[in-house]
């Protein structure tokens, strides 16, 4: 069953999330525990080009691209270090540039996610409603 | 003289001041404060560049980031490292906001400060011909 967050994703959002996830899995390997979608937020901007959208040869003009989104993604790590942080920022940068949607990762270890500050706060509720990436 | 160029210059000053604060706070091992000021420096520098180009800007940091990626990084006015620095700064601040200070270990905040310093340096170099003429 598709969750409420994934229901509002457009094609560009899905491509951006998949590109982000694939690059992270390749670069983090065993340091990556889980990826989850936390928030989808529409931005008040003109649509940006998605350089990977499929081109068509039809004479019918394609529909206008949707406004861009911010995609907040949980990146759960087994350990946090400078290399992992650099890999996360690189993946977010490349996916955002290529697809015109902003990847906004929140990286955290399991220990950080279990802290009282997180579990008792608003972020804890968002974690409870997190959905797997498409 | 263009109001947007005056705005760009003001924002650049703000970025320079924020980076100086980040450096001082880092020296005092006040890591959350250093990360916060580094984020402010990065965002102000990005807004300055967009203003100097008379591109649309925003008060929303996510929108600023996307506009910066499109209009500044996308046109190769500065290196990709500047785009990376902006996104890294936004992520560090986001994580501190929701997770507390634990994600901000010293090596990370040092790397962040250095990356934002590069972003600011490149911005200053690129914008100097436009902004030097502003009275």
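Each value in this text was obtained by applying a stated rule to the coordinates, not by laboratory testing. Everything numeric in this text was worked out from a predicted model, so none of it was measured. Neighbour counts are summed over all protein chains in view; Cβ atoms, including those assigned to glycine, are modelled from backbone coordinates with ideal geometry.
List of remarks:
- With the convex hull drawn over the C-alpha atoms of segment A:62-126, the volume per residue is 94 Å³.
- Size of chain A: Rg and Dmax of its alpha carbons, in Å, are 15.9, 58.
- Simple label model, 7 Å out from Cα along Cβ direction - residue A:114 to residue A:27, nm: 2.8 nm
- Contact order normalised by residue count of chain A, Cα under 8 Å, 6+ apart, percent: 35 percent
- For chain A, the longest principal axis of the Cα atoms and the long axis of helix A:11-28 meet at an angle of about 40 degrees.
- Principal axes of segment B:53-119: Cα extent on each, largest first, Å: 38, 23, 13
- The long axis of helix B:80-99 is offset from the longest Cα principal axis of chain B by roughly 40 degrees.
- Here the relative contact order of chain B, from alpha carbon pairs under 8 Å that lie six or more residues apart, stands at 33 percent.
- The fewest-to-most ranking of B:37, B:94, B:6 by surrounding Cβ atoms within 10 Å reads B:6, B:94, B:37.
- In whole angstrom, the protein assembly as shown maps to an equivalent ellipsoid with semi-axes of 29, 26, 15, each derived as √(5λ) from the alpha carbon gyration tensor and ordered largest first.
- Near-label residues of segment A:76-112 by backbone N, under 20 Å of a point 7 Å along Cα→Cβ of residue A:34: A:76-81, A:85, A:88, A:104-112
- As computed over segment B:3-130, the Cα convex hull volume per residue (Å³): 85 Å³
- The order of A:88, B:125, B:73, going from fewest to most other C-beta atoms within 10 Å of their C-beta, is B:125, B:73, A:88.
- Estimated distance in nm for a label pair at residue B:131 and residue A:125, the labels positioned 7 Å out from Cα along Cα-to-Cβ: 4.1 nm
- Extension gain, residue B:80-residue B:107: 0.36 nm per intervening residue step, less the Cα-Cα distance, totals 7.6 nm.
- The simple spin-label model puts a point 7 Å past each Cα toward its Cβ; for residue A:44 and residue A:8 those points are separated by 1.6 nm.
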